[in-house]
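Since the structure comes first, as structure tokens, the remarks are kept for the end.
None of the figures in this text is laboratory data; all of them are computed from the coordinates on show. Bear in mind the structure is a predicted one, so any value in this text is a computation, not a measurement. Neighbour counts are summed over all protein chains in view; Cβ atoms, including those assigned to glycine, are modelled from backbone coordinates with ideal geometry.
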């Protein structure tokens, strides 16, 4: 008998505190019925893995797939989390729907998790948040050649650069290069979705052609959707919010930077290196009145550093 859903993350010993905080945030956001929780062991210590299992998490190792670049894994064991996220249906059998959250995310509003699960149920689609939109000042990154005379320019998008490293043909690059990035840090799929074998097929292709291991998951998703035509449901930014930062101190809560200041559901600390590795680190955020404050953006630490500001207001 299958279970409804599981939330999965992964990481090494350095990311262990963030994995704990992500799990804590899930239980705080859905105290009555938190989802099952899984972890891909990408370099945890035996004690860390044992503590997660003792608390009820399912902790697994990535499969020993011959397509994986063994040298890259030996040098950077944490890559196992990136490789493993395309194998969730195999690693965590018995669940109807699987939601991946990078270890540097946490859940502030559980409605975002419900949106991800719900979107994945639509036609077995890939539920994911695209790049672009109102938080990207430049929708397409280009480098003008010879001063831009005659309109000559070089495409510099994530999809184009990493697709080129993966040995994609020029025809594919022309199409993929101008498409929206699909952010693999947060995504959901049904266990019976046709995406899983397609993603692993593209991942193996990328590895064979010397593509960058760290970005193989994200490029594989773009190829499965844009080239194979597999169904996709694009979710709002609140389901994978990266920046810029604004807070509503009346609650307190992290909200979208622009009006109507919707509550962020899933906070993603991509690019926040200091905060990811130092719980005491802070960054400047703006409140609804335009005032600047220094707060942490990590779960628990945000609430702690924002609470005095609420009292002061």
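Summary table below
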{"read-out": "Spacing of the two label points (7 Å from each Cα toward its C-beta) at residue 283 and residue 76, in nm", "value": "2.0 nm"}
{"read-out": "Antiparallel bridge percentage (DSSP; both residues within region 241-313; nearest 5)", "value": "75 percent"}
{"read-out": "Average projected area [Cα convex hull, region 1-93], square nanometres", "value": "6.5 nm²"}
{"read-out": "Neighbour-count ranking [beta-carbon atoms within 10 angstrom, fewest first] of 169, 216, 13", "value": "169, 13, 216"}
{"read-out": "Region 150-263: radius of gyration over Cα atoms, expressed as a fraction of 2.2 N^0.38 Å", "value": "1.29"}
{"read-out": "FRET efficiency estimate (nearest 0.05) - Cβ-Cβ, residue 114 to residue 209, R0 45 angstrom", "value": "0.75"}
{"read-out": "Mean projected area in nm² (Cα convex hull; one quarter of hull surface) for region 191-313", "value": "9.9 nm²"}
{"read-out": "Distance (nanometres) between label positions extended 7 Å along Cα→Cβ at residue 14 and residue 90", "value": "2.7 nm"}
{"read-out": "Equivalent ellipsoid semi-axes - Cα gyration tensor, region 1-54, angstrom", "value": "21, 13, 9"}
{"read-out": "Spherically averaged projected area of region 241-312 from its Cα convex hull (nm²)", "value": "4.4 nm²"}
{"read-out": "Prolate/oblate/rounded call for region 175-225, Cα gyration tensor, a/c under 1.5 rounded", "value": "oblate"}
{"read-out": "Base-10 log of normalised Debye intensity for the chain (one unit scatterer per alpha-carbon) at q = 0.07, 0.11 Å⁻¹", "value": "-0.28, -0.71"}
{"read-out": "Calculated [θ] (222 nm, deg cm²/dmol) that DSSP helices of n ≥ 4 give over the chain, each run adding -39,500 (n - 2.57)", "value": "-9000 deg cm²/dmol"}
{"read-out": "Separation in nanometres of the label points that stand 7 Å from Cα toward Cβ, at residue 263 and residue 51", "value": "3.0 nm"}
{"read-out": "DSSP-defined beta bridges in the chain - what % are antiparallel, rounded to 5", "value": "50 percent"}
